[in-house]
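Report on the following structure.
The values are calculated or read from the model by the stated rules, or taken from the named source; none is laboratory data. Just so it is clear, the structure is predicted and the values come from calculations on it, not from any experiment. No Cβ is skipped: glycine too gets one built from the backbone with ideal geometry, and neighbour counts run over all protein chains shown. With ligands, DNA and RNA removed, areas are computed over all heavy atoms of the protein, side chains included. Shrake-Rupley method; radii C 1.70, N 1.55, O 1.52, S 1.80 Å.
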Amino acid sequence: EADIYQTPRYLVIGTGKKITLECSQTMGHDKMYWYQQDPGMELHLIHYSYGVNSTEKGDLSSESTVSRIRTEHFPLTLESARPSHTSQYLCASSEFSGGWTDTQYFGPGTRLTVL
Amino acid sequence: QKEVEQDPGPLSVPEGAIVSLNCTYSNSAFQYFMWYRQYSRKGPELLMYTYSSGNKEDGRFTAQVDKSSKYISLFIRDSQPSDSATYLCAMSGGGSQGNLIFGKGTKLSVKP
């Protein structure tokens, strides 16, 4: 079983609040990802990182930001939450090999509701 | 046209049935094909991983890739109620195109 953790698991907040979703992994993986998942829809990649001090935007535009100061930690921040940010956020990690695709291990997700 | 198409279902079968789950794709550069299983209120977990065309078997699960038809399948034999979950296909071109593209997922329910 993959050792990747997300907190909080559920979050209900009001519009305009700043929030940070936490993601940590203990596998020493270089590459980490944030996905957004809505019911009946595909997982959409919103951010990823190849390693410390590396962050990239994914294929889905997002108002969130990420940072990668430590290998094991990849937090996602929303400066001012809006109801349109209501979704499930999934964090994943993989051992970046560079030459082929990476097997990704997912955390349990954070279900965010913005009122 | 979406890069990966997957029928969201839901699909309901009796216990013991053979289940066939499918995805089609449009990007001929895809070489790596995966199936993830996602239980309710959990993150996806990798079930099967296949490179290029061919079959791969793991217990009751068989993954098939037909690159000429751009079609992949997951078969579940002797399905069990514990197989009830959403199954997501995912694929990538590898290397610099290594980020996975996911299907919408098919919700499967296996009735006792």
Got a sec? Which of A:E42, A:E79 is free of Cβ contacts under 8 Å to residues at least 24 places away in the same chain and either over 13 Å from the mean Cα position of the chain (by Cα) or within 11 Å of another protein chain (Cβ to nearest Cβ) (or both)?
-> A:E42
Can you name the residue in the stretch B:30-53 that is farther than 20 Å from B:A85 by Cα and within 14 Å of chain A (Cβ to nearest Cβ) and, of all such residues, is surrounded by the most Cβ atoms within 10 Å (Cβ to Cβ)?
-> B:F30
Residue within the stretch A:81-103 that is out of contact with any strand residue (DSSP E or B) (no Cβ under 7 Å at 6 or more places or on another chain) and modelled with pLDDT of 90 or more present | yes
Out of contact with any Phe, Trp or Tyr (no Cβ under 9 Å at 6 or more places or on another chain) and either within 28 Å of A:Y48 (Cα to Cα) or of a type in the set (F, W, Y) (or both) - does that describe any residue in the stretch B:81-99?
-> yes
Output yes when any residue across the stretch B:13-22 is acidic (D, E), under 17 Å from B:D83 (Cβ atoms) and free of Cβ contacts under 8 Å to residues at least 60 places away in the same chain, and no when none is.
-> no
Scan A:T55, A:T71, A:T77, A:T15 and give me the residue that is farther than 14 Å from A:G109 by Cα, open to solvent by 20 Å² or more (accessible area, probe 1.4 Å) and touching a helix residue (DSSP H, G or I) at 6+ places or on another chain (Cβ under 7 Å).
-> A:T15
Any chance B:K107 is under 30 Å from A:L60 (Cβ atoms), within 14 Å of another protein chain (Cβ to nearest Cβ) and part of a strand (DSSP E or B) = yes
Based on what the data block shows, is A:H47 under 15 Å from A:S94 (Cα atoms), open to solvent by 10 Å² or more (accessible area, probe 1.4 Å) and either in contact (Cβ under 8 Å) with a residue 60 or more places away in the chain or assigned to a strand (DSSP E or B) (or both)?
-> no
(1) in contact (Cβ under 8 Å) with a residue 12 or more places away in the chain; (2) over 13 Å from B:L100 (Cα atoms); (3) open to solvent by less than 60 Å² (accessible area, probe 1.4 Å) all hold for A:D30 apart from (3)
Kindly provide the set of residues from the stretch B:54-89 that are outside any loop (DSSP other than H, G, I, E, B), surrounded by 13 or more Cβ atoms within 10 Å (Cβ to Cβ) and in contact (Cβ under 8 Å) with a residue 60 or more places away in the chain, ordered by number.
-> B:D83, B:Y87, B:L88, B:C89
May I ask you to list the residues in the stretch B:66-102 that are within 29 Å of A:M32 (Cα to Cα), modelled with pLDDT of 95 or more and under 10 Å from the mean Cα position of the chain (by Cα)?
-> B:I72, B:S73, B:L74, B:T86, B:Y87, B:L88, B:C89
Look at B:N27 and say whether it is open to solvent by less than 50 Å² (accessible area, probe 1.4 Å) and in contact (Cβ under 8 Å) with a residue 60 or more places away in the chain.
-> yes
Would you say A:R111 is farther than 26 Å from B:G93 by Cβ, surrounded by 14 or more Cβ atoms within 10 Å (Cβ to Cβ) and modelled with pLDDT of 90 or more?
-> yes
